[in-house]
Amino acid sequence: MMTQSTATTPLTEFKAKIGSRQARVGIIGLGYVGLPLALLYSEQKFAVTGFDIDQRKVSALQEGNSYIYRIPAADIQQARQRGFEATSDYARITQMDAVIICVPTPLDEYHEPDLSYITDTAKAIAPNLRAGQLVVLESTTYPGTTEEVLVPILENGNKHGLKAARKGVAAGREFFVAFSPEREDPGNTTVARRDIPKVVGGLDPQASELAAALYNAIFTRIVPVSSPAAAEMTKLLENIYRCVNIALVNELKLLSLRMGLNLWEVIEAAATKPFGFHPFYPGPGLGGHCIPVDPFYLSWKAKEWDFRTRFIELAGEINISMPYHVIESVGRALNQQKKALNGSRILILGVAYKKDIDDLRESPALTIIELLQKEGVQVSYNDPYFKMIGRGRKYDLQMKCAPMDKLGDYDCVLIVTDHSDYDYPRIVRESQLVVDTRNATRGIESPKIVHC
Ligand SMILES: NC(=O)c1ccc[n+]([C@@H]2O[C@H](COP(=O)([O-])OP(=O)(O)OC[C@H]3O[C@@H](n4cnc5c(N)ncnc54)[C@H](O)[C@@H]3O)[C@@H](O)[C@H]2O)c1
């Protein structure tokens, strides 16, 4: 009689737990990336535990509230009913089968990678690690971070002498590590999150398979790559591609303005080519947590290899100069009306870093406000997503959102972010002067409009 093998491997066990929804998933860092991810797992009936050091976020979630504009409180409440919990107690990491890290990766004051959030998280996880667990890093970072930074902390800090699974590590005494970049595009409603293919690179083939099984539960397609570093580099390539192309159209916009051409019209025409061209659009400067920051992670790492990433540096130079171009354009537009920047009243429309989102991070609007204030301008702003602008890592503005009812009182209305909620024909009608950095007033003919 044939006997069936009952041997289980970490992979078969893990897959079975995923299939039966018994796997416990921990998400560390409940921000713009981590919270939606936790909700995706919760929707798929996993018991999800979210970890965050920000006690206000933990309390808000425990009480069924949301702090991200596009996530309704009802979604949090439903997740809570399905067993979602938020905590700042790292001891609970031990209970997890898989842990996904989504903490920030900013630049420090010298424009160099600040990995402190990753290292702090790794130090907090390490004492609570147990054999067989899968740890996945999602935070955007330079190639080598997972293997050179995360893994050594996890290995040195755990109580049981566990090692990350690599060739030569005895089975049973190991944990698994992978990198899988987050690819969310905030505000983009054209692709469902689960339809964005998920790139996964494990430290060894088993780790890759475990991570693929974990993400298969919530994503339609998994794209395996050969290592964590390849997955880290994939994310950077995607963002550098955007950064460089945005710089290209920003530079071409400056030329087009001199030549009396509307670059947006040109881009729309070029975009009709069915192959070989992808449209990017100029603007008042780069914003967000990713595009202005991530490329510098690679240029920093490249120095270790005696390599200068010239495209990244040039793109950075052009993109960083854009807010200054906006100030010059506003100054020239006022000058045409025999007014000076100093003493004028300017209303900025839209401060989020891009349209229809509630994210201020690295927004060019913040730089523009500060530069205008330095010129002696009385600056006000309106943004349906921000009732006030307080204090951030690099700014302290303390401004309240101004109403839209007295547009004619301002010497200039400056469109920085083209939110869909704005009634642009009305804005042009009621304002004395409109400086438009986004081509938001397309199709409206008026001598009051200045494109910049
Ligand atoms: N926001 C995006 O659209 C986006 C897209 C792709 C990739 N990313 C990347 O994802 C990562 C996270 O970005 P985000 O936008 O979600 O950041 P975020 O600032 O919105 O959220 C990060 C969260 O991590 C928490 N945190 C910090 N240190 C912690 C610690 N030691 N333990 C537990 N929690 C901790 C913070 O309190 C915060 O709630 C970054 O590397 C970013 O580059 C972001």
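The values are calculated or read from the model by the stated rules, or taken from the named source; none is laboratory data. Since we're looking at a predicted model, the values are computed, not measured. For neighbour counting, all protein chains shown are included, and Cβ atoms are generated from backbone atoms with ideal geometry for every residue, glycine included. Each accessible area value is taken on the protein alone, full model and side chains, heavy atoms only, with ligands, DNA and RNA left out. Shrake-Rupley method; radii C 1.70, N 1.55, O 1.52, S 1.80 Å.
Quick check: anything in segment 159-167 loosely packed, with under 13 Cβ neighbours inside 10 Å, more than 11 Å from the ligand (Cβ to nearest atom), part of a loop (DSSP other than H, G, I, E, B) and of a type in the set (K, R)? Before you say what the answer is, go through the steps one by one.
Going residue by residue through segment 159-167, those that are loosely packed, with under 13 Cβ neighbours inside 10 Å are 159-161, 167.
If we keep only those that are more than 11 Å from the ligand (Cβ to nearest atom) as well, we get 159-161, 167.
Next cut, part of a loop (DSSP other than H, G, I, E, B) only: 159-161, 167.
Narrowing further to those that are of a type in the set (K, R): 159, 167.
Scanning segment 159-167 turns up at least one residue that is loosely packed, with under 13 Cβ neighbours inside 10 Å, more than 11 Å from the ligand (Cβ to nearest atom), part of a loop (DSSP other than H, G, I, E, B) and of a type in the set (K, R).
Do any residues in segment 185-206 that are closer than 15 Å to A230 by Cα have Cβ atoms under 8 Å from those of residues that are open to solvent by 40 Å² or more (accessible area, probe 1.4 Å) and assigned to a helix (DSSP H, G or I), where the two are at least six apart or on different chains, and which pairs are they?
G202/E209; L203/E147
When the residues of segment 20-64 are filtered to those that are under 27 Å from D185 (Cβ atoms) and of a type in the set (D, E), which remaining residue is farthest from the ligand (Cβ to nearest atom)?
Filtering segment 20-64 for residues that are under 27 Å from D185 (Cβ atoms) and of a type in the set (D, E), the one farthest from the ligand (Cβ to nearest atom) comes out as E43.
Considering only residues that are in contact with a Ser or Thr (Cβ under 6 Å, 6 or more places away or on another chain) and either open to solvent by 30 Å² or more (accessible area, probe 1.4 Å) or not in a loop (DSSP other than H, G, I, E, B) (or both), which ones fall in segment 119-152?
Those that are in contact with a Ser or Thr (Cβ under 6 Å, 6 or more places away or on another chain) and either open to solvent by 30 Å² or more (accessible area, probe 1.4 Å) or not in a loop (DSSP other than H, G, I, E, B) (or both): N128, R130, V136, L137.
Mind checking which residues of segment 181-198 are touching a Phe, Trp or Tyr at 6+ places or on another chain (Cβ under 8 Å), in a loop (DSSP other than H, G, I, E, B) and away from the ligand (no atom under 11 Å from the Cβ)?
P197
Can you name the residue in segment 288-307 that is among the aromatic types (F, W, Y) and within 17 Å of the chain's Cα centre (by Cα) and is also surrounded by the most Cβ atoms within 10 Å (Cβ to Cβ) among such residues?
Y297
Please enumerate the residues belonging to segment 182-205 that are in contact with a strand residue (DSSP E or B) (Cβ under 6 Å, 6 or more places away or on another chain) and buried (at least 19 other Cβ atoms within 10 Å of the Cβ).
Result: K198, V199, V200, G201, G202, L203.
Taking segment 267-278, which residues are open to solvent by 40 Å² or more (accessible area, probe 1.4 Å) and either among the aliphatic types (A, V, I, L, M) or under 21 Å from H325 (Cβ atoms) (or both)?
Of everything in segment 267-278, just one residue is open to solvent by 40 Å² or more (accessible area, probe 1.4 Å) and either among the aliphatic types (A, V, I, L, M) or under 21 Å from H325 (Cβ atoms) (or both), namely A269.
Looking at segment 79-90, can you tell me whether even one residue there is crowded, with 20+ Cβ neighbours inside 10 Å, more than 14 Å from the ligand (Cβ to nearest atom), more than 23 Å from the chain's Cα centre (by Cα) and over 25 Å from T189 (Cβ atoms)?
Scanning segment 79-90 turns up no residue that is crowded, with 20+ Cβ neighbours inside 10 Å, more than 14 Å from the ligand (Cβ to nearest atom), more than 23 Å from the chain's Cα centre (by Cα) and over 25 Å from T189 (Cβ atoms).
Could you tell me whether G276 is more than 16 Å from the ligand (Cβ to nearest atom) and within 24 Å of S431 (Cα to Cα)? Before you say what the answer is, go through the steps one by one.
On the way: more than 16 Å from the ligand (Cβ to nearest atom): yes; within 24 Å of S431 (Cα to Cα): no.
So G276 fails the test.
Six or more apart or on different chains, Cβ under 7 Å: which pairs go from a residue in segment 233-250 that's without any contact (Cβ under 8 Å) to a residue 40 or more places away in the chain and in a helix (DSSP H, G or I) to one that's among the aliphatic types (A, V, I, L, M) and open to solvent by less than 40 Å² (accessible area, probe 1.4 Å)? Could you list them?
Listed pairs, sorted by first residue: V249/L263; V249/I267.
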